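Some notes on the structure that comes next.
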Amino acid sequence: MVYGIGIDIGGTKIASGIVNDTGKVMYQKTVPTPKMGREEILAVLKTIILELVEWSELQGLSLAGIGIGTAGQVHFYEGKVISGTPNIRDWNGVNLRGDIGTYTNLPVYVDNDVNVLALAESVFGAAKGYEEVICLALGTGIGGGIFTNGQLLRGDWGGGAELGHMSINLNGDLCNCGLNGCLETYASGTWIAKRMQKARQEQGLSADVTSRDVFALYRQDDPLARRVIQTMIHGLSYGIVNLIHLFNPQAIVLGGGVMSEGQWIVDSVQKKISTMGMNSLVEEVEIKLSELHSNSGLIGAAMQTWLYK
Ligand SMILES: [Zn+2]
């Protein structure tokens, strides 16, 4: 059996653990992400890694390496964060492989958080068994992972598959990436809430609503919520049909916080796309709900240590 350290670095918490190649988490440690930024985060990572290594030694386990998934855009081959995330202070340009490599003699692998989630999904979740499959994570933003020939598509340095920033409307709302009408401005939790806030403001109603509230109102047949969710399904379907036209996948897996609302979103999208785009490509594609659970980020991070060695 192979064992690896997995570390999932997010804006609010750092989840870490020892994972074996059946996806089982043997030992786990989760801490809040330090707010002071890079130096403090690296110090916390060092403490965690040394603790995990010590635990493994006590158990007599030999480790294949350290795998990290982090928010932000990652240079996969150099193990550097090229462009950080506003949620983690001073994360731009941090050389994770270089810094973490000095803590132990273990090899270090670094990828972005959505790619490692897609990796976990492809071996232990809903994307299992497909060579050509695309994972979309609908959360605060939208991230993606594209598998072709069973491998993650990376582009030149690993920044590819920013699927949330595929524009589907030239005249759409301005996204924080600089484009208008990105998929993210239709189907992310942030924008579902924003769209509803704007609609309610126009009606003189309280704009204090989250995306969860929008789904709750939708279930109560609130007309504004119905409009916002219909726009979301419509936008998501356009984005998905674009992906189908580009990549000819067997399946598309939808995950992330927004999808915890349930299978009905999957069913609505499957129905909607059946009347859209090139029938020869669209008709066979299965839209599926993610089967991942809360540990999948750290499991996917650890998987790098045996998949990429
Ligand atoms: Zn964008």
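The numbers here are math on the coordinates, done by the rules we state, and not lab data. All values reported here derive from a predicted model rather than from experimental measurement. Cβ placement follows ideal geometry from the backbone for every residue including glycine, while neighbour counts extend to all protein chains displayed.
Points to keep in mind about this one:
- Net charge over other residues, Cβ less than 15 angstrom from the Cβ of V110 (K, R count +1; D, E count -1): 0
- Neighbour count of at most 14 Cβ within 10 Å plus DSSP loop: longest chymotrypsin sites (Phe, Trp or Tyr not before Pro)-free window in the chain: 158-307
- For region 129-289, the fraction of C-alpha pairs farther apart than 27 angstrom is 22 percent.
- Between Y27 and I18, the built amide H atoms are under 5 Å apart, and every one of these is 5 or more places off in sequence or on another chain.
- Between D221 and K29, residue separation times 0.36 nm minus the direct Cα-Cα distance comes to 64.9 nm.
- Applied to region 72-84, the Karplus parametrisation 6.51 cos²θ - 1.76 cosθ + 1.60 on θ = phi - 60° returns per-residue 3J(HN,Hα) values of x, 8, 10, 7, 4, 6, 9, x, 10, 7, 7, 9, x Hz, with x for Gly and Pro.
- Scaling the Cα radius of gyration of the chain by the globular reference 2.2 N^0.38 Å produces a ratio of 1.03.
- Of the GluC sites (Glu not before Pro) found in region 188-288, those that fall in a DSSP loop while having at most 14 other beta-carbon atoms within 10 Å are E283, E284.
- Kirkwood Rh (inverse of mean 1/r, distinct Cα pairs), region 1-62, angstrom: 12.1 Å
- Gain in span if fully extended, Y77 to W55, counting 0.36 nm per residue against the direct Cα distance: 5.0 nm
- Entries in K46/K309; K271/K309; K272/K309; K29/K80; K194/K309 that, when Cα-Cα distance is taken, lie over 32 Å: K271/K309; K272/K309; K194/K309
- Label-point gap, in nm, between L205 and N171 - each point 7 angstrom along Cα→Cβ: 2.6 nm
- The GluC sites (Glu not before Pro) of region 132-186 meeting both criteria, a DSSP state outside H, G, I, E and B (loop) and at most 16 other C-beta atoms within 10 angstrom of the site's C-beta, are E132.
- Working from label points 7 Å from Cα in the Cα-to-Cβ sense, the D156 to E286 distance is 3.7 nm.
- Here the gap between T22 and H245, fully extended at 0.36 nm per residue and compared with their Cα-Cα distance, gives a gain of 76.9 nm.
- Per-q log10 I(q)/I(0), region 40-100, q = 0.12, 0.13, 0.27 Å⁻¹ (Debye; single scatterer per alpha-carbon; no solvent): -0.35, -0.41, -1.15
- Angle in degrees between helix 263-273 and the longest Cα principal axis of the chain, rounded to the nearest 10: 60 degrees
- Mean sequence separation of contacting Cα pairs (under 8 Å, at least six apart), scaled by the length of the chain, corresponds to a relative contact order of 21 percent.
- Student exercise, the chain dipole from Lys, Arg, Asp, Glu Cβ charges, in Debye to nearest 20: 460 debye
- Antiparallel DSSP beta bridges within the chain, as percent of all bridges there, nearest 5: 60 percent
- Förster radius 22 Å - calculated FRET efficiency between Y308 and N149 (Cβ-Cβ, nearest 0.05): 0.90
- Each residue of region 15-24 was assigned a 3J(HN,Hα) from its phi angle through the Karplus curve 6.51 cos²θ - 1.76 cosθ + 1.60 (θ = phi - 60°); the sequence is 9, 9, x, 9, 10, 9, 6, 9, x, 7 Hz, with glycine and proline shown as x.
- With the gyration tensor restricted to C-alpha atoms of region 204-309, the semi-axes of the equivalent ellipsoid amount to 29, 22, 10 Å, longest first.
- Using θ = phi - 60° in the Karplus curve 6.51 cos²θ - 1.76 cosθ + 1.60, the 3J(HN,Hα) couplings for region 131-141 round to 8, 10, 8, 10, 10, 10, 10, 9, x, 4, x Hz; x is entered for Gly and Pro.
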